[in-house]
Amino acid sequence: MTGAPQRHDASVGAVCVLAAATSIQSSAAIALPAFAVIGAAAASGFRFLLGATILLVLARPSVRQFDRAAWLGVLAFGAAAAAMNVCFFQAVSRLPLGTAVSIEFLGPLTIAVVAGRGRRHATYAAIALVGVVLLARPGGGVTLLGALFALCAAAGWAAYTLASRRLGALTRGVDGLALALGVAAVLAAPLTIPAYGSLTWTLLGRLAAMALLGVVVGFALELAALRRLAAPHVAVLFALNPAVAFAVGWLVLGQHVSVAALLGGLCVVAAGIGVTSEARRRAMALPPA
């Protein structure tokens with residue numbers, strides 16, 4: 001029967017999203033001290049440059065296996081990832097980490113609402129939205145420029161979600177991801193030029209850790225999730241990112257977390273559990289192969 005493997009895939013996909021969220025938001029916390037030295041744009045550029053280098057060395061992808069469709073997928077993923085992360089780092093430099101991620105989540109949430117099917121999915125998306133609104137604490141330390149960058153990051157995250165799904169379908173392993181991150185690194189490389197004079201070994205170590213967690217591990221886990229779950233399901237599960245971001249902001253950065261944020265986190269977790277259960281339920285309903 002096909003149901004059992006797909007139920008397993010739903011669970012594994014949800015775990016991958018949670019692990020990716022933890023890795024990516026931890027990398028953002030590591031990046032914050034670098035902003036004061038080289039700026040958010042350069043930090044984002046180095047994140048891709050170092051992350052792509054690490055993954056390309058590890059994967060050593062064979063370019064001969066890629067056809068035109070695969071290369072288009074690689075280019076789309078690279079462009080979306082670069083835009084999303086450059087805008088996100090600009091937002092994080094102006095907003096609390098959890099608030100920036102909450103606003104950014106509007107991108108995948110839009111995909112969840114538009115592409116999702118059924119009342120249950122719509123309900124889980126609505127619960128996630130309520131949670132994100134509570135997490136964002138409207139009016140609490142939100143600047144106009146920071147919010148605009150976060151909204152641009154939201155558009156990039158929506159494009160990234162769709163591009164990831166396409167890349168996962170067209171390529172195997174991490175070869176496509178390695179090349180796509182290489183594209184993102186090339187696009188973001190000009191942002192690093194003004195910062196080379198400020199680099200130290202300590203700063204390079206911080207940037208390398210940030211790249212390993214946020215790019216190599218984080219993106220690989222998200223791609224694995226999108227290979228196991230439909231994009232609308234993963235888009236709702238991405239609601240775990242704001243909750244994780246607030247937890248990291250509180251535990252690592254000492255940022256205040258209100259009662260509303262705690263309630264929002266519970267809503268987000270409930271939506272994540274619900275969408276995973278829904279994916280497993282649909283897998284159980286599939287006829288035998």
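One table, with the values for the structure above:
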{"item": "Enumeration of residues in region 215-235 that are closer than 13 Å to LEU162 by Cα and either modelled with pLDDT under 80 or out of contact with any helix residue (DSSP H, G or I) (no Cβ under 9 Å at 6 or more places or on another chain) (or both)", "result": "LEU226, ARG227, LEU229, ALA230, ALA231, PRO232, HIS233, VAL234, ALA235"}
{"item": "Selected residue [closer than 16 Å to ALA41 by Cα, touching a Phe, Trp or Tyr at 6+ places or on another chain (Cβ under 9 Å) and surrounded by fewer than 19 Cβ atoms within 10 Å (Cβ to Cβ)] from ALA211, ALA189, ALA184", "result": "ALA189"}
{"item": "Restricting region 217-231 to residues that are buried (at least 24 other Cβ atoms within 10 Å of the Cβ) and not small (Gly, Ala, Ser), the residue that is nearest to GLY176 (Cα to Cα)", "result": "PHE219"}
{"item": "Residue match in region 71-87 (condition: of a type in the set (Phe, Trp, Tyr) and more than 21 Å from the chain's Cα centre (by Cα))", "result": "yes"}
{"item": "In region 153-181, the residues that are surrounded by 22 or more Cβ atoms within 10 Å (Cβ to Cβ) and among the β-branched types (Val, Ile, Thr)", "result": "THR161, THR171"}
{"item": "Pair list, Cβ < 6 Å and 6+ apart or interchain, from region 188-211 residues that are on the phi < 0 side of the Ramachandran plot and in contact (Cβ under 8 Å) with a residue 60 or more places away in the chain to residues that are assigned to a helix (DSSP H, G or I) and among the charged types (D, E, K, R)", "result": "MET210/ARG47; ALA211/ARG47"}
{"item": "Flag for LEU58 being modelled with pLDDT of 90 or more and not basic (Lys, Arg)", "result": "no"}
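The values are calculated or read from the model by the stated rules, or taken from the named source; none is laboratory data. These figures come from a predicted structure and were not determined experimentally. When we count neighbours, we look across all protein chains shown, and the Cβ atoms used for this are built from the backbone with ideal geometry, even at glycine.
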